[in-house]
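Below is one structure, written out as structure tokens; the observations come after it.
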Amino acid sequence: MARTNDDVILPFNSARIRDKYLVTNMLGAWEVLDPAEFRLLNALKPLPGTPLWTRLKERGIVVDDKNILPMLQKYRELNSNLFSDTSLHIAVATTKCNLSCAYCQAGAVPQEDMTYEVAAKVLEYLFGVRNTSVSLEFQGGEPLMNWPVVKFAIEHARQYNTTGKKLRISVVTNMLLLDDEKMKVLADNDVDVCTSLDGPKAVHDKNRKYVSGLGSYDEVMAKIRRFKERFGRSTGLLATITAASLDHAEAIVDEYVRLGHTEICLRPVNNMGTARCSWSDIGYSAEEFNAFYGRAMDHILKLNAKGTLMMERMARVILTKVLEGKDPGYVDLMNPCGAGRTTMAYMPDGSCYPCDEARMIGEDMFKLGNILLETYDDMIKKENLQHLLQASCTNLWQASSVFSPWSGHCPVVNYALQQNIVPKVHCSSQHKIMTGQFMYLFDKIVAQGAALETFKRWLAGDSHGKK
């Protein structure tokens, strides 16, 4: 920390992007400098009273007793997740599934259905937290294979929300069991439905198959159309990127455009769960994903330039943090991570895990307890959760990264990949992919061209939800 009279240059990180230098600090302040300006700052010699010094103070790189409090308030807004209870509650309605997807992250677990007793306890947890806004998300397996309990929880959640919490309910499903009766219940109770659509038929069917080997694309599309035409409800879509996707960046984006969607989530596959068994067929390097992501984003920006709105979710989340200084509530970009703090997952037997990935790995080291036996306050005080959160602090493991004010790290995924919750950051595919996404976006920001104007329009529209 360098001090000039009452002014302080906060510790900063930097990276060269194009012919400029990006400078950031721990509070999330950033500025782009030309080489001459950067040399002055790096030598701690920018002169007080000069235009550069004034700019650095306005941007929060230099602080004094006048702008430090506003900068701390901006830090709170950027990291508002630090000041709330668990908001996302994931109920694993069943571990059974009617598909055999190549990239499934869930490991081999006993087939088990959630009971009414456990579902009722999940609702007690949901409405017992101090948040005014909560989300209940049903997952599996395939949650519709335990429809009676899912229906019970949905209807009772609406009925017993006596504290007036803002309640969002969603079901993550492969759609195949979604008949008219189930669609009506979901529509009547304002339940969001999310499914996987990995791209055009050839790509999707390569990834998402029945046990028999038959692809699921045609049936999924029929259910999506039925839900829209009969009940007026749109379906949220996620695209998981496997090796089969890498040559089809433009076609995957175009499939979403064809369906009338304005946002696509290009989600990298993780080498965990049953996906390990097929990794030689579905996997790729971080560099290969980043090349795919760059082509997809280039195509998305071209579509926007021609008047077709299309956003990429991770890009929009990063831009919300960088350009608006706001916390979009995206678990993967929290520091420390959102495990337990913002997310909890409940298995059919009541076992409680701090996040979706932890329950998929299923090891006792991540298990917090059982909701039939312990309270929510018991869970969030568990020692293994504290260790997990400590291991996720990006300022410990990637303190020199220029993107650390906005980055996150998942120690559970890191454990699956490196067998250690403490990451070897620069060997981590997570870190490499996230860095690649930041680099792509800042390259466009530094260029100050049409892409930046497109990004600003994405944020102004606010036509998006949160993870």
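The values are calculated or read from the model by the stated rules, or taken from the named source; none is laboratory data. Keep in mind that what you see is a predicted model, and the values were worked out from it rather than measured. Every residue, glycine among them, receives a Cβ derived from its backbone with ideal geometry; neighbour counts consider all protein chains shown. Please note that ligands, DNA and RNA were not included when accessible areas were found on the heavy atoms of the full protein model with its side chains. Shrake-Rupley method; radii C 1.70, N 1.55, O 1.52, S 1.80 Å.
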### Query
When only DSSP loop residues count, what trypsin sites (Lys or Arg not before Pro) in region 248-357 have their Cβ near at most 10 other Cβ atoms within 10 Å?
LYS306
### Task
Give me the aspartates and glutamates in straight-line cross-link reach of LYS228: C-alpha distance below 14 Å, same-chain residues under 8 apart excluded.
ASP179, ASP180, ASP188, ASP190, ASP192
### Query
Given H placed on each backbone N at 1.01 Å, which residues far from GLY369 in sequence or on other chains put an amide H within less than 5 Å of it?
CYS352
### Query
Residue by residue through region 124-139, which ³J(HN,Hα) values in whole Hz follow from phi under the Karplus form 6.51 cos²θ - 1.76 cosθ + 1.60 (θ = phi - 60°), with glycine and proline marked x?
4, 4, 4, 8, x, 6, 8, 5, 8, 10, 9, 10, 10, 10, 9, 10
### Summary
If every Lys and Arg gets +1 and every Asp and Glu gets -1 at its Cβ, then about the Cα centre region 200-326 yields a dipole, in debye to the nearest 20, of 600
### Query
Per residue of the chain, what 222 nm ellipticity follows from adding -39500 (n - 2.57) for every DSSP H run with n ≥ 4, rounded to the nearest 500?
-12500 deg cm²/dmol
### Summary
Counting only protein heavy atoms and rolling a 1.4 Å probe, one gets per residue an accessible area for the chain in Å² of 44
### Query
Listed here are the pairs LYS151/LYS184; LYS321/LYS456; LYS206/LYS302; LYS96/LYS184; which of them are more than 18 Å apart at the Cα?
LYS206/LYS302; LYS96/LYS184
### Message
Cut-off under 20 Å on the C-alpha distance; same-chain residues fewer than 8 positions from LYS66 excluded. Which lysines are left, in chain and number order?
### Response
LYS57, LYS74
### Query
Which of the trypsin sites (Lys or Arg not before Pro) found in region 59-129 are in a DSSP loop and have at most 10 neighbouring Cβ atoms, other than their own, within 10 Å?
LYS66
### Summary
Residue-ordered couplings for region 425-432, obtained by feeding phi - 60° into the Karplus form 6.51 cos²θ - 1.76 cosθ + 1.60 and rounding to whole Hz (Gly and Pro as x), are 3, 6, 9, 7, 5, 3, 5, 5
### Query
What are the aspartates and glutamates whose alpha-carbon lies under 20 Å from the alpha-carbon of LYS121, with same-chain residues fewer than 8 places away excluded?
ASP85, GLU112, ASP113, GLU137, GLU155, ASP349, ASP356, GLU374, ASP377, ASP378
### Message
Using each residue's phi in region 385-394, evaluate 6.51 cos²θ - 1.76 cosθ + 1.60 at θ = phi - 60° and report the 3J(HN,Hα) Karplus result to the nearest Hz, with x for Gly and Pro.
### Response
5, 4, 5, 4, 5, 4, 5, 9, 6, 5
### Message
How many angstrom lie between the Cα centre of region 370-425 and the Cα centre of region 292-325?
### Response
28
### Message
At 1.4 Å probe size, with the rest of the protein present, what percent of the exposed accessible area of region 394-467 is carbon and sulfur atoms?
### Response
54
### Of LEU144, PHE127, HIS204, farthest towards positive along the dipole that unit charges on Lys, Arg, Asp, Glu beta carbons give region 113-206
PHE127
